[in-house]
Each structure stands twice: as C-alpha cells, then as structure tokens.
Amino acid sequence: MKIMPFSWHHLNHWDLGVLPFLLLVGAGLLYFYWGVRRAGSWPRVRSVCFLLGLLITFIATQTFIGAYDMEYFSDHMIQHLLLIMVAAPLFALSAPLDLAYKSGNAAIRRFLDSKFMEVVTHPLFAFALYFAFIPFTHLTGFMNLMMTHMWIHHLEQIGFLVVGYLFFRAAFGLERGYKIHPGLRLVYVMAAVPVDTFTGLVLSMSSRNPFSSYPAMAPTGASRAWILSNIKLGGGIMWIGGDALMLLALIPIAFMWVKWETERTKELDKILDAQGI
C-alpha cells in the first residue's frame, strides 16, 4: 500500500512493526542478559558497539527510512548501506560469537566449533557471499520479488545484516577462528569495493527501468522519468556511498595492523634481549 510522497516534515514518520521490534529487543536481551551477565567480564566497548548496531538497525527499518524504503529506490539503497556497512560492522566489533562461546554451555561450544561454523565463518566464504549477495539483490529479478512480497523484503534486511557481519567479522579479525594477517585485511576489504562500484554503476547508468514492479510501488503520480531518475540516484548512492563506507572501514583495520606490528616488535625485542643479541 502506497503512502504519501515524502517531504521533509515526514522526518518524524515512524514505521514501527511488532515483529522487528521484538527481534531487536530479543537480540539485546540475548546479548546483555544471557551473554554479558553470564560471561562475568566482557569489554565495555564491545557492548557499546552492539547497542549502536541495534540503534542503527532500528533507524534503518523503523523510522521514516523504513517507511519509504519501498516507494523510493534511493531510500531503499540508504537503508541497505546502513544495514550492511554501518550496523553489520558494529555487530562484528561486538564479537557476539565469542560472547556466546564464553557464556554458553558445552552444546553451544560444540556447535561453534563444528565444521559447519568453520566453513560459514571462513574469510573466503564471507567474501564470496558478499561478492554474490550485493549484485543478486540489486541486479536480478529478486528485486521484483522483494517489492511484491513483504516477507522477502524482511528476509533481505536480515540477509544484509548477516552477510555484512560475516564479511566484517573476517575483516576486523577480533573473534576466534581463522584469521587473516592484519595487513591482508586491508586488501580483503579493498578487493570487495569493486562489487559495490559495479552494482552502483549499472544502476546509475540504466537507460530504462530494470524493475517491472517498481512503478506500482513508486509514489502516487510518479512519472517514468522520475522512476528512472530515482533508480539512477539509488545507484549513485550505492556507488559513492558504498565505496566511501568501505574506505572508512579501513581506518580501524589500519589501526589494528599498527597495534599488531607494535606488539610483535615488542615480543621480538624481548626474545632478542633474552638471547643477549
């Protein structure tokens, strides 16, 4: 069902849903009440990152951004970037799997140590999933399905969080499991930038509307020219905004690399001092 065309006085428009709200509250309770409380000691900065991740997810899905994400393709792209490149990295920095391992019982630890989780959390799997997920959700017929089936749209939002979490989990290398050399993590992130650029360029250079379902979802009175221009705008947001956020993610990774090199140098100095060299 269409809603009134967006204007700046709609910034206070909410799109509160019972199920999304319960999922967000449930995630918070799991992390803090079941996880942090049982862990005994847990870095405060990781808890703050999880809270910020929940807040960004709430803003992206329950405020005016979520209210207009089907009518305005450009808004849809803003929502996607907030989920996969802002909220997901924050969740990765909160290290939820490490918290589950520390707080959970033997069955949970066995699952987290299973071959399945070893594959799912491997950097190559996360990279391949990210590389396929972005163009699939924006350049194929999936977009039409998403626009006509709200449950698919909600699954897509969850997918952005999961795929983004797995990707940035490997990029930050904070959690247990297979780790990439800190220097290679920069290459890992930069190697994923072209997929955002390609997807954004394809959309921004479209000469016709690639989504047959969009005219039925667009604001009332929207012309074909407006629909195409909004798709182009969405492509530009994916291209420029996505690349900018990816480059921004390189900053903490670079700091982690410097910290790792500093600690490694200190350890080597201690070994050399002990050997009298």
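Count the lysine pairs in the chain whose Cα atoms sit under 30 Å apart, keeping only pairs 8 or more residues apart in sequence or on different chains.
Here the count comes out as 10.
May I ask for the angle, rounded to the nearest 10°, between helix 18-29 and the longest principal axis of the chain, with both axes built from Cα atoms and the value confined to 0 to 90°?
10
If the elastic network links every pair of Cα atoms under 10 Å, which of I237, I251, I84 fluctuates the most in the Gaussian network model of the chain?
Evaluated over the chain, the most mobile residue of the options is I251.
Can you compute log10 of I(q)/I(0) for the stretch 1-135 with the Debye formula, treating each Cα as one identical point scatterer, at q = 0.22 Å⁻¹?
The Debye formula, applied to the Cα set alone, gives -1.32.
Nearest 500 deg cm²/dmol is fine: what mean residue ellipticity at 222 nm does the chain get from its DSSP H runs of n ≥ 4 alone, each adding -39,500 (n - 2.57), divided by its residue count?
Values: 15 runs with 192 residues, N = 277.
Only helices count here, giving -22000 deg cm²/dmol.
To the nearest 10 degrees, how steep is helix 182-204 against the longest Cα principal axis of the chain, on a 0 to 90 scale?
Helix 182-204 sits at roughly 10 degrees to that axis.
Anyone know which of V18, V162, V187 comes out most mobile in the 10 Å Cα GNM of the chain?
V18
Normalising by the residue count of the chain, find the relative contact order in percent from Cα pairs under 8 Å and 6+ residues apart. Please report the intermediate quantities before stating the final value.
Values: 324 pairs, mean separation 61.6, N = 277.
Contact order relative to length: 22 percent.
Specify whether the C-alpha gyration tensor of the stretch 162-201 places it in the rounded, prolate or oblate class, a ≥ b ≥ c being the square roots of the eigenvalues: rounded for a/c under 1.5, otherwise prolate if a/b is larger than b/c and oblate if not. Please list the in-between numbers first.
On the way: a/c = 4.22, a/b = 1.73, b/c = 2.44.
Oblate, because a/c is 1.5 or more while a/b does not exceed b/c.
Can you give the Rg/Rh ratio of the stretch 128-212, where Rg is from the C-alpha atoms and Rh is the Kirkwood radius?
Numbers: Rg = 15.3 Å, Rh = 14.5 Å.
Rounded to two decimals, Rg over Rh is 1.05.
Work out how much length L23 to R37 would gain on full extension: take 0.36 nm times their residue separation and subtract the Cα-Cα distance, in nm to one decimal. Please report the intermediate quantities before stating the final value.
Numbers: separation 14, 0.36 × 14 = 5.04 nm, distance 1.96 nm.
The span from L23 to R37 would gain 3.1 nm if fully extended.
Give me the percent of the accessible area of the chain that comes from carbon and sulfur atoms, probe 1.4 Å, all protein chains in place. Intermediate results must be reported in sequence, preceding the final value.
Details: 10580 of 14600 Å².
Its accessible area is 72 percent carbon and sulfur atoms.
Taking 10 °C and 1.306 mPa s as the conditions, I'd like the Stokes-Einstein D for the stretch 85-142 in µm²/s, using the Kirkwood hydrodynamic radius from alpha carbon pairs. Please report the intermediate quantities before stating the final value.
Values: Rh = 13.4 Å.
In µm²/s, the coefficient rounds to 119.
Quickly work out the L268-to-K115 label distance, labels modelled 7 Å from Cα along the C-beta direction, and quote it in nm with one decimal.
So the two model labels end up 3.9 nm from each other.
Quick one: check the C-alpha center-to-center distance for the stretch 120-151 versus the stretch 57-87, whole angstrom.
Rounded to whole Å, the Cα centres lie 16 Å apart.
With the dipole of the chain worked out from charges on the C-beta (+1 for Lys and Arg, -1 for Asp and Glu) around the Cα centre, which of A171, V202, A274 lies farthest toward the positive end?
A274
Between the alpha-carbon centers of the stretch 25-54 and the stretch 227-277, tell me the distance in whole angstrom.
24
For the chain, report the accessible area per residue in Å² (1.4 Å probe, heavy atoms, rounded to an integer). Walk me through the numbers on the way to the answer.
Values: 14600 Å² over 277 residues.
That works out to 53 Å² for each residue.
How far apart, in nanometres, would the label points at I108 and L145 be if each is projected 7 angstrom from Cα along the Cα-to-Cβ direction?
That separation, rounded to one decimal, is 3.3 nm.
Roughly what % of Cα-Cα distances in the stretch 60-195 sit above 21 Å, to the whole percent? Mind dumping the intermediate values first?
Working: 4243 of 9180 pairs.
When all Cα pairs of the stretch 60-195 are counted, 46 percent exceed 21 Å.
Below 8 Å between Cα atoms, with a sequence gap of 6+, how large is the relative contact order for the stretch 130-277 in percent? Present the calculation step by step, with values, prior to reporting the outcome.
Details: 116 pairs, mean separation 40.1, N = 148.
With pairs under 8 Å counted, the relative contact order is 27 percent.
The values are calculated or read from the model by the stated rules, or taken from the named source; none is laboratory data. The structure displayed is predicted, hence computed values, not measured ones. We place every Cβ from the backbone using ideal geometry, glycine too, and count neighbours over all the protein chains shown. Keep in mind that these areas ignore ligands, DNA and RNA; they rest on the heavy atoms of the full protein, side chains included. Shrake-Rupley method; radii C 1.70, N 1.55, O 1.52, S 1.80 Å.
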